[in-house]
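Chemist: One structure, as structure tokens, below. Some questions next.
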């Protein structure tokens, strides 16, 4: 057996990550459904491991020491984006959409728990097939998987990844038909202007522009990029350090939670303190870039070590729960999201986007909305509201709600 140490494991994960990017480029359906490159690469290795396991062979052993620090680092950067000032700048529709998404997180978990009862399964499996994987996506699935296993859910991590991939695919399939149906039924068609620029606005760009708008240094005061990078790394590490104490304090109270919760809380406090004072001069673009690096490597390392053979016996109950989640999201998008966000063309586009991130990822949401506006016309408000909630705020409240359900049913 080949044994890789922690550095070799991360290096191997990096190579696997770029294999995932290559496969997504060559296999068009993977790109169409917005399957993340680290998911593609990591699952490829786990499938190869599954093949060897069938013959009772273990070709390689990974050292996953850096997996959890990378995971905590990513969610810490999410905490730095949780700025209360963004809710004000985004307007009332951001708050309304955020509240709908938060209530929906609770409903997803309740639905999942109810549907585990006929199968006689641990109700926490319903939470895993609820907001952990549908609203949360692969990163949240992998972060909470080990915690749910400690709470007694068999094969929680493997089941969570399977559910997350199911959500990504269905989220990509559902959004377009939902948006088109609302537009056609309510006669909301908008003519597409010739030569119209691409409507897509990345969530990160929106947040960076709003959070960094106060930073306008002159050429003489321009801070060197290496200093900004160093400062961002140190601030993230400090948030992780203090956050570890916060997490240990919660654990001492008997509260079960993933390791990143404390760091995410501390990061949010630091972000809003800097919004008020401007003393730290946080650069959200650099923080997001560091978070993306940590996320990609974390996902690959976690997925490479999945034990896919543990899914035996869970296929039917998981399929029932996940199909019910698709129906729930479709109903909420068609009725609640559309009505509360104005019953207009922009609301229809946001409904399509909601299907994307409520079942998959923000990338699904953006792809769904882009497909709609390319056919019917621009929807700038939708491209502000949906990514702001889907990429940043909902991750924060989702983690808190999952933690509550976990401690109620453990």
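Chemist: Is at least one residue of region 322-339 in contact with a helix residue (DSSP H, G or I) (Cβ under 7 Å, 6 or more places away or on another chain), touching a residue at least 40 places away in the same chain (Cβ under 8 Å) and not in a helix (DSSP H, G or I)?
Modeler: no
Chemist: Residue check: is residue 65 in a loop (DSSP other than H, G, I, E, B) and touching a residue at least 24 places away in the same chain (Cβ under 8 Å)?
Modeler: In short, yes.
Conditions (1) farther than 24 Å from residue 372 by Cβ; (2) touching a strand residue (DSSP E or B) at 6+ places or on another chain (Cβ under 9 Å); (3) crowded, with 18+ Cβ neighbours inside 10 Å, marked per residue:
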| residue | (1), (2), (3) |
| --- | --- |
| 114 | yes, no, no |
| 123 | yes, no, yes |
| 128 | yes, no, yes |
| 131 | yes, no, yes |
| 140 | yes, no, yes |
| 147 | yes, no, yes |
| 159 | yes, no, yes |
| 175 | no, no, yes |
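Chemist: Please note which helices (runs of 4 or more DSSP H) are completely contained in region 357-410 and include at least 1 residues that are surrounded by fewer than 19 Cβ atoms within 10 Å (Cβ to Cβ), modelled with pLDDT of 90 or more and in contact with a helix residue (DSSP H, G or I) (Cβ under 8 Å, 6 or more places away or on another chain).
Modeler: 362-376, 394-409
Chemist: So which residues in region 8-17 are closer than 17 Å to residue 48 by Cα and within 21 Å of the chain's Cα centre (by Cα), if there are any at all?
Modeler: Correct list: 13, 16, 17.
Chemist: Being surrounded by fewer than 20 Cβ atoms within 10 Å (Cβ to Cβ) and at pLDDT 95 or above narrows it down to one of 182, 237, so name that one.
Modeler: 237
Chemist: For residue 281, only one of the following conditions fails: (1) more than 30 Å from residue 41 (Cα to Cα); (2) assigned to a loop (DSSP other than H, G, I, E, B); (3) in contact with a helix residue (DSSP H, G or I) (Cβ under 9 Å, 6 or more places away or on another chain); (4) modelled with pLDDT under 85. What is its number?
Modeler: (4)
Chemist: I would also like to ask the following. From (1) in contact (Cβ under 8 Å) with a residue 12 or more places away in the chain; (2) over 21 Å from the mean Cα position of the chain (by Cα); (3) surrounded by 13 or more Cβ atoms within 10 Å (Cβ to Cβ), pick out the condition that doesn't hold for residue 5.
Modeler: Result: residue 5 fails condition (3) only.
The values are calculated or read from the model by the stated rules, or taken from the named source; none is laboratory data. Predicted, not measured: the structure shown is a model, and the values here were computed from it. Reconstructed Cβ throughout: ideal geometry from the backbone, glycine too, with neighbour counts over all protein chains shown.
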